[in-house]
């Protein structure tokens, strides 16, 4: 009796405080990752229930059968072939006469699926999730069921029905981690149920939650919840559709209902409910505020099905060449990251908290967007970005280039399925249709898919390039700077340079000479063999091009760009190692100097908002070293101090880089102090000389709730060589020997050295005094002890325990990402503008040219696919521009054809006064000419000599060919203007 009273009191209290009580609806989702077995090979009859799988490797998914090769070999050498996965399981009690579904988040590449010896389906795109309805084949409790999957990860896998290849199964960028490298779930529902968002195979769309009439200032919106409902009973069913929205504190902030609906046997329909909500917290950059939306079906007042959808609400707009998030302009600052997001020794198959660790590092480094490259990301990374507050650009699947026929149909189907699967994830702001330009009809087809399946998601759909598309809602080239006054343009990748974290500079062991390394396909590859200092400097130089054309600098602006890549990756490479080292962190996410350089440059939605300073390098040189010191700062001036003595103020270049020439090293402290325009100190950074190496230090990161003994969880452990005071020794390269005791599996790390990069080795060196390794849990809980020792140094160890993980009959209730916290550190979207207007565009009224008069307007038409050119005669190489009004012009920006390779000798005069007469500098898009403000209305631009063609950047494609930059052909007397803009200073 007391127990019943206590339950009643608890229920009343929960109602009073507004906490949501999940209904008693008989719907369950189970973690289906435990208790799998795998065998590489193709044994006959492995789909059969009674097949003898004793001796097969026991694993917990997600698990790629070739994970041992992650970063150990070149991407081209990854093992491929057939692997079988099998699992025994028993359904829970009281699950008879229910619907049962399997959800695989993805396999690589094609798979045949079996249940209890019966073929249940095939899935072949190697990218998106797939679902199977196994209700009619499943054996009820307490009988055992066997699921078996035959997976083929052949690079050249072809679709069985058409013999066509999938374009995105590419040896250059799509790392081939074979088998089942993503999560698997089992769903049990009533026969009247809300479908799953698994269009692949099931053809169902699930729940769709979206906001309309969003008022940021009022913190209100109209929230809509749609659900696709199916009745698989033999008779008609009438139900009430109910919605409850719960905030992150677990409080129900709104409950509302839709209309009663009756479905005939076998009928499927969309039901909907809407309600106005106030006091909303809007999802934003670095503010992963999420709500749980519960949609429930009630029959005769009793719940029979309930779905929880975790989502967030935000307002977007894509106009005037800019991107708006919650009514505030944001310039894209981020990374083009491989969709595999891989790590040494484990590939892509990491626990969800590791995904958060990696993705939050981007946010902590002031990146606001990740563009997943070529292939749609797996659900774990999508949900991780929701939590950490990182905007996503989600591709479907492609390589590079438009395609036709069956392969284009592949791309359309994948885009459809990916949109349906991920449309409730607020962090996705962009759908990418291709890693290259696609035709306008193809763009229209993709736009129609978006409009059909996500008409209210507040997302832009586009593709790389699309510079003059009337359909695409955003665009932008890779490597180059594009501007627009209409659809936003942002660079889909820039700064391909590579550099190993091990190499600080030429003055630090192992004394790697900047740029030294083998040729890449016969071409100089010095840009792909940087030291850390040169790589970080290149990052500053490359970002400056986008910063200069940011919102606030005129009517036509650049919406930013993404640096390729965030972390070193096991994909195609141009440098000395057998993997790509373009990352701002190494593969274990240990930062390079470039990470901190971006952290300073990117601190702000558009303009810099928080002062920051970073000293590039370390301060542990040998006696007699004299070198240039580089500082990255968003201040106006930087002063350098060594042991308290000023070395003067640095020369500013590319806005954020400050250079101090020929600084002589002496032990002690080096400090950089940044000042604002009023001379006030705003930030500083300092480095202290470390003492002699003394000992080792271990630091671990584990799941916030503790390491789980599930056979899959990981501990990330950092090893440092430190001096007697605990300071990291930045030049240490000591070999570390590890030993591991307890219920754990060694997965190791990575370092430069032998052909296998020390992957899986229990002995590997630190680089720059630090390295990181992985330790994986087993299914046994207990104490783990990791010891580290190095010759001549004080040894160390670290201990921790794993927590038991409950699995019953192959099913676990704890889902992979469940319970992980959201990152709210940046707070809600700030009020007020994100940029200050620094210059004002003065429009052209009319123009007259020395040749091709009909085309002259193409030099100022906001279309970078058109241009004006003369007839290759020096005498015709001029345009006279009449501005809309008299103005004090102080800057002229031009995009000239062949911008990267061609230098034009040009003279510019304003109302007859010459303001510029010299050669233009080669660039990656726009060349800006600055001069004292000069009043006038008429501007003459004319060619005064022969062009000079020479590549200033040496950008090399995968093929070994140089990347083109506009039309590089032309006579020596050619003037070719893509766009020209005239500016006066803002008052």
Lone unmet requirement of (1) surrounded by fewer than 21 Cβ atoms within 10 Å (Cβ to Cβ); (2) under 15 Å from residue 150 (Cα atoms) for residue 83: (1)
Selection from the range 221-239 of residues that are in contact (Cβ under 8 Å) with a residue 60 or more places away in the chain and surrounded by 15 or more Cβ atoms within 10 Å (Cβ to Cβ): 221, 223, 224, 225, 227, 229, 232, 237, 239
Check on residue 851, in contact with a helix residue (DSSP H, G or I) (Cβ under 8 Å, 6 or more places away or on another chain), in the same structural domain as residue 928 (by TED's automatic domain parsing) and not in a loop (DSSP other than H, G, I, E, B): no
Filter result (in a loop (DSSP other than H, G, I, E, B), surrounded by 19 or more Cβ atoms within 10 Å (Cβ to Cβ) and in contact (Cβ under 8 Å) with a residue 40 or more places away in the chain) within the range 508-521: 508, 517
Candidate set: the range 635-690, residues that are without any contact (Cβ under 8 Å) to a residue 24 or more places away in the chain, in a strand (DSSP E or B) and at negative phi; chosen: the one farthest from the chain's Cα centre (by Cα): 645
Test: residue in the range 768-782 that is crowded, with 18+ Cβ neighbours inside 10 Å and closer than 17 Å to residue 578 by Cβ: no
Whichever residue in the range 426-448 is surrounded by fewer than 21 Cβ atoms within 10 Å (Cβ to Cβ) and modelled with pLDDT of 95 or more and, among such residues, is farthest from residue 214 (Cα to Cα): 439
Any chance residue 422 is over 30 Å from residue 597 (Cβ atoms) and crowded, with 23+ Cβ neighbours inside 10 Å: yes
Members of the range 446-473 that are part of a loop (DSSP other than H, G, I, E, B) and either out of contact with any strand residue (DSSP E or B) (no Cβ under 7 Å at 6 or more places or on another chain) or touching a residue at least 40 places away in the same chain (Cβ under 8 Å) (or both): 454, 455, 456, 457, 458, 459, 467, 468, 470, 471, 473
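Okay, residues lined up against (1) surrounded by 18 or more Cβ atoms within 10 Å (Cβ to Cβ); (2) within 21 Å of residue 486 (Cβ to Cβ); (3) modelled with pLDDT under 95; (4) more than 35 Å from the chain's Cα centre (by Cα):
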position: 851; (1), (2), (3), (4): yes, no, no, yes
position: 864; (1), (2), (3), (4): yes, yes, no, no
position: 871; (1), (2), (3), (4): no, no, yes, yes
position: 884; (1), (2), (3), (4): no, yes, no, yes
position: 898; (1), (2), (3), (4): yes, no, yes, no
position: 923; (1), (2), (3), (4): yes, no, yes, no
Tally, over the range 412-445, of residues that are in a loop (DSSP other than H, G, I, E, B), touching a helix residue (DSSP H, G or I) at 6+ places or on another chain (Cβ under 6 Å) and under 22 Å from residue 476 (Cβ atoms): 2
Per-region count, the range 572-603, residues farther than 19 Å from residue 502 by Cα and buried (at least 22 other Cβ atoms within 10 Å of the Cβ): 4
Some residue of the range 186-197 being assigned to a strand (DSSP E or B) and surrounded by fewer than 16 Cβ atoms within 10 Å (Cβ to Cβ): no
In the range 37-80, residue surrounded by the fewest Cβ atoms within 10 Å (Cβ to Cβ) [restricted to those that are touching a helix residue (DSSP H, G or I) at 6+ places or on another chain (Cβ under 9 Å) and in a helix (DSSP H, G or I)]: 77
Criterion: in contact with a strand residue (DSSP E or B) (Cβ under 6 Å, 6 or more places away or on another chain), within 20 Å of residue 492 (Cβ to Cβ) and not in a loop (DSSP other than H, G, I, E, B) - qualifying residue of 632, 562: 562
Residue match in the range 810-819 (condition: in a strand (DSSP E or B), in contact (Cβ under 8 Å) with a residue 40 or more places away in the chain, in contact with a strand residue (DSSP E or B) (Cβ under 6 Å, 6 or more places away or on another chain) and crowded, with 18+ Cβ neighbours inside 10 Å): yes
Number of the exception - residue 161 against (1) more than 19 Å from residue 125 (Cα to Cα); (2) in the same structural domain as residue 106 (by TED's automatic domain parsing); (3) free of Cβ contacts under 8 Å to residues at least 24 places away in the same chain: (1)
Sole exception among (1) outside any strand (DSSP E or B); (2) over 24 Å from residue 987 (Cα atoms); (3) touching a residue at least 12 places away in the same chain (Cβ under 8 Å) for residue 918, by number: (1)
Residue match in the range 727-744 (condition: within 27 Å of the chain's Cα centre (by Cα), at positive phi and not assigned by TED's automatic domain parsing to the domain that holds residue 669): no
The range 292-315: number of residues that are more than 16 Å from residue 226 (Cβ to Cβ) and crowded, with 23+ Cβ neighbours inside 10 Å: 2
One residue from 532, 570 being in contact with a helix residue (DSSP H, G or I) (Cβ under 9 Å, 6 or more places away or on another chain), over 23 Å from residue 618 (Cβ atoms) and at pLDDT 95 or above: 570
Those residues of the range 925-973 which are modelled with pLDDT of 90 or more and part of a loop (DSSP other than H, G, I, E, B), in sequence order: 925, 926, 944, 945
Within the range 25-57, considering residues that are free of Cβ contacts under 8 Å to residues at least 40 places away in the same chain and in contact with a strand residue (DSSP E or B) (Cβ under 8 Å, 6 or more places away or on another chain), the one farthest from residue 178 (Cα to Cα): 53
Considering residues of the range 110-134 that are assigned to a loop (DSSP other than H, G, I, E, B) and either outside the structural domain of residue 52 (by TED's automatic domain parsing) or more than 37 Å from the chain's Cα centre (by Cα) (or both) only, the residue surrounded by the fewest Cβ atoms within 10 Å (Cβ to Cβ): 117
Residue list for the range 376-409, restricted to those being outside any helix (DSSP H, G or I), in contact (Cβ under 8 Å) with a residue 60 or more places away in the chain and surrounded by fewer than 24 Cβ atoms within 10 Å (Cβ to Cβ): 399, 403
Exclusive hit being surrounded by 18 or more Cβ atoms within 10 Å (Cβ to Cβ) and in a loop (DSSP other than H, G, I, E, B), set 169, 161: 169
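The values are calculated or read from the model by the stated rules, or taken from the named source; none is laboratory data. What you see is a predicted model; the values in this text were computed from it and never measured. All Cβ positions, glycine included, derive from the backbone under ideal geometry; neighbour counts span all protein chains shown.
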